[in-house]
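A.B. asks: Once you've had a glance at the structure underneath, I'll fire off some questions.
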Amino acid sequence: MAIVLSAVFPVFALILTGYLCARRHLLGPAATETLNLFVVWLALPALLFQAMAKIDVASLNHPGFLVAFTGGMMLTFLLSFMLGGQAHHRLADRSIEGLNAAYANTGFMGIPLCLAALGQAALIPAIIATILTACVLFAVSIALIETDLAEAPHVSTTLRKVSTSLARNPLLVAPLVGALVAVLHGITGWELPTPIFRFTTLLGNAASPCALVTIGLFLAQSQPANNTPLITRLVALKLLVQPALTYLIAFQCFTMPPLWSHSAVIISALPIGTGPFMLAKLYNREAAITSRAILVSTVLSLLTVSALVAWLA
């Protein structure tokens, strides 16, 4: 119980703070979008950049973590995709549904939760999970959506759009630039200048609290949706099936340090992130279902993630 109160409670308390602020109209109608842009384009990229720039490259050698997290994520996406086909949903909608089922809220919620539950060392696996989610899962989803919605699908056009989308994602670019700095340090001994380090420290420290408050603001604006069976299926896949699959791969197929195996399972058990909602709005798909699934999964994750953290502890 102590680990739940010390690690999980502050995370959900900040989400609740944002939710109450939105309900009480304390921050204004534009607060959600403005704070979200601040986190996505400034605070979180600064945190990811600095963490990767200071890392020892050898500490990234954990293939078990990569396989466990990516395997659990992609298997869940595939399962949701197949279930959508049985319901005769079109390709673009099945892709959004698969994204809902497998897209963990790694950046906004995973990083602060891992830091609180597992310590500063858990920042690296959380960042790697963020990159895998933003790169692998997003790329697959965008490719499927573009293939379905394009009047005359063409491989080169689809690949160009996917590459452009990924290249513009600051949550992918920032840690990659930081990794280049780490490699440069390993080769030449060059250190990140102190003013830049302090700048990214100040900016990065704002990432976790602002991201969690933003989630609360977003949840308060969740749109009603009446497709209860689909929402139930997506939430069950995200909160139960994905962490179960990740656990089986991490603990039964590999031997890795507890920090990495626990991080893989905890991050996979996170609720649905805002990425699926962004794609649903961008491609004019049914965003209300995604919004409601995010709300329900986030509320229920207070119980499931707390239980998981307590059990692993």
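The values are calculated or read from the model by the stated rules, or taken from the named source; none is laboratory data. Note that this is a predicted model, so its numbers are computed, not measured. We place every Cβ from the backbone using ideal geometry, glycine too, and count neighbours over all the protein chains shown.
A.B. asks: What is the number of the single condition among (1) in contact with a helix residue (DSSP H, G or I) (Cβ under 9 Å, 6 or more places away or on another chain); (2) at pLDDT 85 or above that P193 does not meet?
C.D. replies: Status for P193: all satisfied but (1).
A.B. asks: Hey, another quick one. Residue check: is A92 crowded, with 22+ Cβ neighbours inside 10 Å and more than 25 Å from I55 (Cα to Cα)?
C.D. replies: No: the conditions fail for A92.
A.B. asks: Only one of (1) closer than 23 Å to L118 by Cα; (2) hydroxyl-bearing (S, T, Y); (3) out of contact with any Pro (no Cβ under 9 Å at 6 or more places or on another chain) is not met by S208, so which one is it?
C.D. replies: Evaluating S208 over (1) closer than 23 Å to L118 by Cα; (2) hydroxyl-bearing (S, T, Y); (3) out of contact with any Pro (no Cβ under 9 Å at 6 or more places or on another chain) leaves (3) as the failure.
A.B. asks: Just one of (1) surrounded by 23 or more Cβ atoms within 10 Å (Cβ to Cβ); (2) at pLDDT 90 or above; (3) of a type outside the set (D, E) trips up T34, so point out which.
C.D. replies: T34 satisfies all of (1) surrounded by 23 or more Cβ atoms within 10 Å (Cβ to Cβ); (2) at pLDDT 90 or above; (3) of a type outside the set (D, E) except (1).
A.B. asks: Inspect all residues belonging to region 264-279 and state whether any of them is over 18 Å from the mean Cα position of the chain (by Cα) and not hydroxyl-bearing (S, T, Y).
C.D. replies: no
A.B. asks: Kindly list, by first and then second residue, each pair from a residue in region 46-65 that is surrounded by fewer than 20 Cβ atoms within 10 Å (Cβ to Cβ) to a residue that is modelled with pLDDT of 75 or more and aromatic (F, W, Y), limited to pairs with Cβ atoms under 9 Å and residues at least 6 apart or on different chains.
C.D. replies: As it stands, the answer is K54/F197; P63/F254; G64/F254; G64/W260, since those pairs meet every condition given.
A.B. asks: To continue, here is another question. Among the listed residues T17, T70, T34, T76, identify the single one that is out of contact with any His (no Cβ under 9 Å at 6 or more places or on another chain), closer than 21 Å to N105 by Cβ and without any contact (Cβ under 8 Å) to a residue 40 or more places away in the chain. I'd like the intermediate steps shown before the answer.
C.D. replies: Values: T17 fails: without any contact (Cβ under 8 Å) to a residue 40 or more places away in the chain; T70 fails: without any contact (Cβ under 8 Å) to a residue 40 or more places away in the chain; T76 fails: without any contact (Cβ under 8 Å) to a residue 40 or more places away in the chain.
Criteria check complete, one pass: T34.
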